[in-house]
């Protein structure tokens, strides 16, 4: 039976939305495991800092760590209706140069999959943060465009508080949610228990599947978004 302290590094928003809700059932199944969850949106050196594993999101670089893919991730370019009403809606990659793009971490390049295949576009803006919560709040308040995961902004999309723009372009298909851990001859059973449990949750749980889907803007959402756009009044020529 897996036992002992399981020290995990994981992103803040993802942990709050998609790990914490399942911890009661996990700990009921594995009552001898104790969770030490350290939340940060930065990558940490899990070997030097003594973590058993880390949950990492995005496109992994080569490293000495072992990586297990837990789930795919879908990212979309989005903005609040009031931002689009003020700044206009981008239609092409070139249009992004004229927009305020909210940047997460060291993200200066948006890696996208588009009609002509994978591409990279350098973006700029007046706001950067290592916090996914902060960027989600900023884009919802109309401060710019953002490239965000649908598991993070799904409710805002459904309510019409955010709209997908340039829907032919999505985040790189190489982005995913991974569990990474040090290379060892024998994986501790507590690490394997966590990876197997949450891999199954993310693969089969209907709530996760819905949260991670790329939604089409429903009629209700479109109407809600449209109602927030300022009405244009025609002017008569003098």
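The values are calculated or read from the model by the stated rules, or taken from the named source; none is laboratory data. Keep in mind it's a predicted model, so treat the numbers as computed, not measured. Counting neighbours? That spans all protein chains shown, and the Cβs are built from the backbone with ideal geometry, glycine included.
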Quick check: anything in the range 83-93 surrounded by 19 or more Cβ atoms within 10 Å (Cβ to Cβ), over 19 Å from the mean Cα position of the chain (by Cα) and over 22 Å from residue 134 (Cα atoms)? yes
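Which helices (runs of 4 or more DSSP H) sit wholly inside the range 165-238 and have at least 1 residues that are surrounded by 19 or more Cβ atoms within 10 Å (Cβ to Cβ) and modelled with pLDDT of 75 or more?
By residue number, 189-204.
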Does any residue of the range 12-29 turn out to be buried (at least 19 other Cβ atoms within 10 Å of the Cβ), outside any helix (DSSP H, G or I) and not assigned by TED's automatic domain parsing to the domain that holds residue 149? no
Do we find a residue being more than 20 Å from residue 91 (Cα to Cα) and in contact with a strand residue (DSSP E or B) (Cβ under 6 Å, 6 or more places away or on another chain) anywhere in the range 133-141? yes
